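The values are calculated or read from the model by the stated rules, or taken from the named source; none is laboratory data. Quick caveat, the model's predicted, so the values are computed rather than measured. Methodologically, a virtual Cβ is constructed for each residue, glycine included, from the backbone with ideal geometry; neighbour enumeration extends over all protein chains shown.
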Amino acid sequence: MLLMLTEKTRSQTLQTVPYVNLEKYAGKWFEIASFPNRFQKGCNCTTAEYTLTENGYVTVENRCQKDSIKGTSSYIKGKAFVVKNSGNAKLKVQFFWPFSGKYWIIDLAEDYSYAVVGHPNRKYLWILSRTPKMEEVIYKGILNRLKDKGFDLSKLKMTKQL
């Protein structure tokens, strides 16, 4: 019965938060945990910085230290475009033209102290915080909500931060 519920949950459309104030969302975020993916392989101390532009898109700057917390710095810059009628909660992020990825904000603290970003196929997931560490009670609450949204939390990996 539990397995059927999980499969049903995973097949449901992933819900985003109703609205994101991009001015409040802008700034630096620390990755607390994520689903490992090839384009972040070996990353530690991962951060993302979002800057609003006059042209109506968001600049995305991702940084990390490769292979250890004192490893070689890695940097990539991209653009994010808001999906119309999404309350700014759905973005298309582009690091290499013409390819873009779906970046859906699915959980967000009222004070913008944390955010959770996922992909509708549930194969990508990032838990972000304004600080390099997150309180355990907040993290566990996020995990409970992610489980309810149909994410396979066995894939989640904590990100080493200083």
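Filtering Arg63, Arg10 for residues that are at pLDDT below 95 and either of a type in the set (Lys, Arg) or surrounded by 14 or more Cβ atoms within 10 Å (Cβ to Cβ) (or both) leaves a single hit, Arg10. When we screen Phe95, Phe81 for residues that are among the aromatic types (Phe, Trp, Tyr), over 11 Å from the mean Cα position of the chain (by Cα), modelled with pLDDT of 95 or more and within 21 Å of Phe39 (Cα to Cα), the only hit is Phe81. All of Ile69, Ile105, Ile76, Ile127 fail the test of being loosely packed, with under 12 Cβ neighbours inside 10 Å and not charged (D, E, K, R), apart from Ile69. Only residues that are farther than 19 Å from Lys160 by Cβ and of a type in the set (S, T, N, Q) were counted across the stretch 37-61, and they come to 4. Residue count for the stretch 59-77 under the criterion of being touching a Ser or Thr at 6+ places or on another chain (Cβ under 7 Å) and closer than 15 Å to Leu91 by Cα: the result is 1.
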